[in-house]
């Protein structure tokens, strides 16, 4: 249970845009913090995926499924790949450890920001710890 007394949601949306990828979103601070993962998220430990932090989305967007029209940002098909809730384990700048309880992903998952020379620092690693 979160501090607010309710579970925090997560969703992974399969997004077939210019390139097929998976949008991983967690509810935090009144928004959906979001990362684009170019390959299918790992369901087993030992598999690491690049996760590129993208703009926050509003809470409610986790329910979106459908077609984003051609010519609009993110044009393509969006469908829910996994959904559920998460429990924070460790939440620090550059290091997010959470317990996912979803239809496909369950267990302790980590998001670790990669060192970067530029100021954007958008590249993270996403992997299952246990």
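The numbers here are math on the coordinates, done by the rules we state, and not lab data. Worth saying up front: this structure is predicted, and the values here are computed from it rather than measured. In this analysis, Cβ positions are derived from the backbone assuming ideal geometry, glycine residues included, and neighbour counts consider all displayed protein chains.
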* To do: Take residue 89 and decide whether it is out of contact with any helix residue (DSSP H, G or I) (no Cβ under 9 Å at 6 or more places or on another chain) and over 17 Å from residue 122 (Cβ atoms).
  => yes
* Asked: For the range 76-114, which residues satisfy the criterion of being loosely packed, with under 14 Cβ neighbours inside 10 Å, in contact with a strand residue (DSSP E or B) (Cβ under 9 Å, 6 or more places away or on another chain) and either closer than 18 Å to residue 51 by Cβ or free of Cβ contacts under 8 Å to residues at least 60 places away in the same chain (or both)?
  -> 89, 90, 91, 93, 94, 95, 103, 104, 114
* To do: May I ask you to list the residues in the range 60-73 that are surrounded by 13 or more Cβ atoms within 10 Å (Cβ to Cβ) and in a loop (DSSP other than H, G, I, E, B)?
  => 64
